[in-house]
Amino acid sequence: DRLNMMLCIHSEVTHADIFEREPIFIEEIMKPLADDFPNLKMTMEHISTMDAVDYVLSASDNIKASITCHHLLYNRNDMLVGGIKPHLYCLPILKSESHRQALVKAAISGSPKFFLGTDSAPHSRDAKESCCGCAGVFTAHALLELYTETFDKHGQLSKLEDFCSSFGADHYGLPRNTATLTLEKTSWKVPMSYDFGDDLYLRGLRAGEEIKWKLVEEETGNKKKPKLDQQSV
């Protein structure tokens, strides 16, 4: 607090039911922490519940939260029904549909309290597809495209730039990036895997499936660079 440093928190306890860890963290740790350090800037990273949304909205302006694209797109049924999908297993774990809807509502609201937080986790396929697979969803191959799908679906594309590029920078006290990115509403198919070192592979979110938006160009200053065709990576 005295050094004006940011506190970034994975907001879960470890002693409770895995689906209840975030709400319990808010009551046991987050609220007392905010009372003890009222001026401390804090980020609740990759929140996953309506409880966290409600708390952040009610908290002081120095408490904000990041949201991942996979928590906006999927719920726990997507991970568990019809067979376990290990590549959707992450922490915080995916919650029920009502919680997912609350996260979407927060993300597309235009509130500066919520912003992009990727939490992309590049674990190899053998580390995910095992008897004790590790937590994490690999989304770096299509992050902006996946966020864009959510905002487009709800008719809120005008709110996408602030969520992805402005609100987080403002919270951290950083200048807003002046570079630009261009996305087109063009479907492309995600490869089944990406190389990951020697004889290892990553399976990205939506592997073998289509994504409706595509990053085609990025501009830095006066220089434009075409985006690599993701289908050929």
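Given (1) farther than 17 Å from residue 53 by Cα; (2) of a type in the set (Lys, Arg); (3) touching a strand residue (DSSP E or B) at 6+ places or on another chain (Cβ under 9 Å), identify the lone condition not met by residue 113.
Only one criterion is unmet by residue 113, namely (1).
For region 1-54, how many residues meet the condition of being aromatic (Phe, Trp, Tyr), under 20 Å from the mean Cα position of the chain (by Cα) and not in a helix (DSSP H, G or I)?
Going through region 1-54 one residue at a time, the tally reaches 1.
Filtering region 166-192 down to residues that are under 28 Å from residue 41 (Cα atoms) and assigned to a loop (DSSP other than H, G, I, E, B), which residue is least open to solvent (accessible area, probe 1.4 Å)?
179
Pull out all pairs, ordered by first then second residue, where Cβ-Cβ is under 9 Å, the residues are six or more apart or on different chains, the first lies in region 52-80 and is over 27 Å from residue 205 (Cβ atoms), and the second is polar (S, T, N, Q).
Every condition considered, the pairs that remain are 57/111; 60/39; 62/39; 63/43.
Would you mind finding the one in 157, 144, 103, 80 that is open to solvent by 30 Å² or more (accessible area, probe 1.4 Å) and within 12 Å of the chain's Cα centre (by Cα)?
Going through 157, 144, 103, 80 in turn, just one is open to solvent by 30 Å² or more (accessible area, probe 1.4 Å) and within 12 Å of the chain's Cα centre (by Cα): 144.
Please work out which one of (1) in contact with a Gly (Cβ under 9 Å, 6 or more places away or on another chain); (2) open to solvent by 10 Å² or more (accessible area, probe 1.4 Å); (3) more than 15 Å from residue 19 (Cβ to Cβ) is the condition residue 68 fails and give its number.
Going through the list (1) in contact with a Gly (Cβ under 9 Å, 6 or more places away or on another chain); (2) open to solvent by 10 Å² or more (accessible area, probe 1.4 Å); (3) more than 15 Å from residue 19 (Cβ to Cβ), residue 68 breaks only (2).
Could you figure out which of (1) over 17 Å from the mean Cα position of the chain (by Cα); (2) open to solvent by 40 Å² or more (accessible area, probe 1.4 Å); (3) at pLDDT 95 or above isn't true of residue 162?
(1)
Under the condition of being in contact with a strand residue (DSSP E or B) (Cβ under 9 Å, 6 or more places away or on another chain) and more than 20 Å from residue 108 (Cβ to Cβ), which residue from region 36-58 is least open to solvent (accessible area, probe 1.4 Å)?
Filtering region 36-58 for residues that are in contact with a strand residue (DSSP E or B) (Cβ under 9 Å, 6 or more places away or on another chain) and more than 20 Å from residue 108 (Cβ to Cβ), the one least open to solvent (accessible area, probe 1.4 Å) comes out as 42.
Only residues that are part of a loop (DSSP other than H, G, I, E, B), acidic (Asp, Glu) and surrounded by fewer than 17 Cβ atoms within 10 Å (Cβ to Cβ): list them for region 110-137, please.
129
The values are calculated or read from the model by the stated rules, or taken from the named source; none is laboratory data. What you are looking at is a predicted structure, and each value in this text was computed from that prediction instead of being measured. We place every Cβ from the backbone using ideal geometry, glycine too, and count neighbours over all the protein chains shown. All accessible areas refer to the heavy atoms of the entire protein, side chains included, with ligands and DNA or RNA removed. Shrake-Rupley method; radii C 1.70, N 1.55, O 1.52, S 1.80 Å.
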